[in-house]
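Student: Mind having a look at this structure? Questions to follow.
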Amino acid sequence: MAYYRRLGAIPPKRHTQHRNADGQLYYEELMGEEGFSSDSSLLYHRYIPSAIVDATIWDLPDLTTTPNHPLKPRHLKLHNLFPDDLAADADVVTGRRLILGNADIRISYVVAAKESPLYRNSIGDEIVYIESGSATVETVFGSLNATEGDHVLIPRSTTHRWSPQGSVRAYVMEANSHIAPPKRYLSKYGQLLEHAPYCERDLHGPTETIVREQADVEVLVKHRGSTAIVGTRFVYANHPFDVIGWDGCLYPFTFNISDFEPITGRVHQPPPAHQAFEGDNFVICNFVPRKVDYHPLSIPVPYYHSNVDSDEIMFYVGGDYEARKGSGIGQGSVSIHPGGHSHGPQPGAYERSIGVEFFDELAVMVDTFRPLELGEGAAACEDTNYAWSWAGHGPSAT
Ligand SMILES: [Fe+2]
């Protein structure tokens, strides 16, 4: 992201001596994407950032997946995964339950009240969407406040920790790539353009650095193995939160869904109008409360559509989703509408939407261009009747 930010004490010239009041040198670290050829930041540490004293295996939670076969549209009820008493023992990092995954992205869900371990994902960027509750996210770049409706974008390899205030519901999108605003909304130099549904003012980075003094500090690292995703537990000689200043264009930030300005039209606007972010082989869209189609003969709910090239995953987080009313979809639901199946409004919704001027709906959508497989969390909370919801009955009733 080409939006420059600086925090704390940095020297006037990069790669030059930077000392504290006692004359001690700070240690400069470049965090840079695509080698040294894309966005980066320079961080100034009190201690050498490479100093580890131990490395052991961190066993990750169950990340196995099974194909969506036989192919079915599916409905998951995520709130059933975490009864209230489980949240007290879960944290946002280790408590995640995988619901969907492929070679480009993993989607998981967690309800957590406990502080997480220090953690970084060295496989790709994460966007954590806060369905409800709030948390502080401490990072090497400084602290972020995460509240309901926030997308918290944590760049690859950013060491951080989640501290919920009470309990937080988090929908976690872990990419195997970077996540950024859609290219078509960026100028050739990287500024968000006038027709983008949000701008730099809506992106909230860290506001102050965090410096901790502690020896022998554990950090969990998710990384690539030879064939699968694996974890390592490092012990650092000093606390990784020792950065006294940094600047650059790579850092974590929050973006709230309420700042997504909807793009509307006389006739139905297709999902790309709702796009907020993109990664390799997937997009993330925001469906927000909005005035709807105003052509005198318009039909405001979507037309039926075959996603020829993608799986479409909708997470319903607020309001009442007009097109699927009556299908069982509600707050906390996820619908999976895969490639190879045509989907659209619930019977009756098409006609009922004529003349409606406003949709009060809130949803986060992920469209992937490779098929998603089902994680253990999906099997644990599926409404198995959903596939037949357009017909009104399944095979047992014929
Ligand atoms: Fe759709």
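Student: Can you find a residue that is outside the structural domain of Tyr303 (by TED's automatic domain parsing) and more than 25 Å from Glu115 (Cβ to Cβ) anywhere in the range 203-214?
Tutor: Step one: filter the range 203-214 for residues outside the structural domain of Tyr303 (by TED's automatic domain parsing), giving 203-214.
Cutting the leftovers down to more than 25 Å from Glu115 (Cβ to Cβ) gives us 203.
Yes: one or more hits.
Student: Looking at this structure, is Gly190 of a type in the set (Gly, Ala, Ser), over 21 Å from Val317 (Cα atoms) and more than 20 Å from the chain's Cα centre (by Cα)? Before you say what the answer is, go through the steps one by one.
Tutor: Details: of a type in the set (Gly, Ala, Ser): yes; over 21 Å from Val317 (Cα atoms): yes; more than 20 Å from the chain's Cα centre (by Cα): yes.
Yes: the conditions hold for Gly190.
Student: Among what's in the range 146-164 and is in a strand (DSSP E or B) and under 19 Å from Trp246 (Cβ atoms), pick the residue that is most open to solvent (accessible area, probe 1.4 Å). Talk me through it step by step, then tell me what you get.
Tutor: In the first step, residues of the range 146-164 are kept if they are in a strand (DSSP E or B); the result is 146, 150-154, 160-164.
Among the residues that remain, those that are also under 19 Å from Trp246 (Cβ atoms) are: 152-154, 160-161.
On the way: Val152: 0, Leu153: 8, Ile154: 4, His160: 2, Arg161: 40 Å².
If we take residues in the range 146-164 being in a strand (DSSP E or B) and under 19 Å from Trp246 (Cβ atoms), then Arg161 is most open to solvent (accessible area, probe 1.4 Å).
Student: Can you tell me which of (1) in a loop (DSSP other than H, G, I, E, B); (2) touching a strand residue (DSSP E or B) at 6+ places or on another chain (Cβ under 8 Å); (3) of a type in the set (Lys, Arg) is the one Arg233 doesn't meet?
Tutor: Condition not satisfied by Arg233: (1).
Student: Among what's in the range 363-379 and is open to solvent by less than 60 Å² (accessible area, probe 1.4 Å) and outside any strand (DSSP E or B), pick the residue that is nearest to Pro270 (Cα to Cα).
Tutor: Leu372
Student: Do the conditions hold for Ser177, that is, is it at pLDDT 95 or above, within 26 Å of Glu34 (Cα to Cα) and of a type in the set (S, T, N, Q)?
Tutor: On the way: at pLDDT 95 or above: yes; within 26 Å of Glu34 (Cα to Cα): yes; of a type in the set (S, T, N, Q): yes.
In short, yes.
Residue-wise test of (1) within 17 Å of the chain's Cα centre (by Cα); (2) charged (D, E, K, R); (3) outside the structural domain of Arg106 (by TED's automatic domain parsing).
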site: Gly279; (1), (2), (3): yes, no, yes
site: Pro289; (1), (2), (3): no, no, yes
site: Leu297; (1), (2), (3): no, no, yes
site: Ser306; (1), (2), (3): no, no, yes
site: Tyr321; (1), (2), (3): no, no, yes
site: Ala349; (1), (2), (3): no, no, yes
site: Glu361; (1), (2), (3): no, yes, yes
site: Glu376; (1), (2), (3): no, yes, yes
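Student: If I filter the range 207-236 down to residues being touching a Lys or Arg at 6+ places or on another chain (Cβ under 8 Å) and more than 30 Å from Asn102 (Cβ to Cβ), which single residue comes out as least open to solvent (accessible area, probe 1.4 Å)? Can you show your working first?
Tutor: Kept after step one, since they are touching a Lys or Arg at 6+ places or on another chain (Cβ under 8 Å), are these residues of the range 207-236: 211, 218-222, 229-231.
Now restrict to residues that are more than 30 Å from Asn102 (Cβ to Cβ): 211, 218.
Values: Val211: 58, Glu218: 103 Å².
Checked the range 207-236; the qualifying residue least open to solvent (accessible area, probe 1.4 Å) is Val211.
Student: Let me ask something else. What are the residues in the range 123-145 that are open to solvent by 30 Å² or more (accessible area, probe 1.4 Å) and part of a loop (DSSP other than H, G, I, E, B), if any?
Tutor: If the condition is that a residue be open to solvent by 30 Å² or more (accessible area, probe 1.4 Å) and part of a loop (DSSP other than H, G, I, E, B), then no residue fits.
Student: Quick check on the range 181-195. Is at least one of its residues part of a strand (DSSP E or B) and either in contact with a Ser or Thr (Cβ under 8 Å, 6 or more places away or on another chain) or small (Gly, Ala, Ser) (or both)?
Tutor: No; the residues of the range 181-195 include none that is part of a strand (DSSP E or B) and either in contact with a Ser or Thr (Cβ under 8 Å, 6 or more places away or on another chain) or small (Gly, Ala, Ser) (or both).
Student: List every residue pair whose Cβ atoms sit under 9 Å apart, with the two residues 6 or more apart in sequence or on different chains, where the first one lies in the range 36-52 and is in contact (Cβ under 8 Å) with a residue 40 or more places away in the chain and part of a strand (DSSP E or B) and the second, anywhere, is open to solvent by 90 Å² or more (accessible area, probe 1.4 Å) and of a type outside the set (D, E, K, R).
Tutor: Leu42/His15
The values are calculated or read from the model by the stated rules, or taken from the named source; none is laboratory data. This is a predicted model, so every value here is computed, not measured. Reconstructed Cβ throughout: ideal geometry from the backbone, glycine too, with neighbour counts over all protein chains shown. For accessibility, only protein heavy atoms count, side chains too; no ligands or nucleic acids. Shrake-Rupley method; radii C 1.70, N 1.55, O 1.52, S 1.80 Å.
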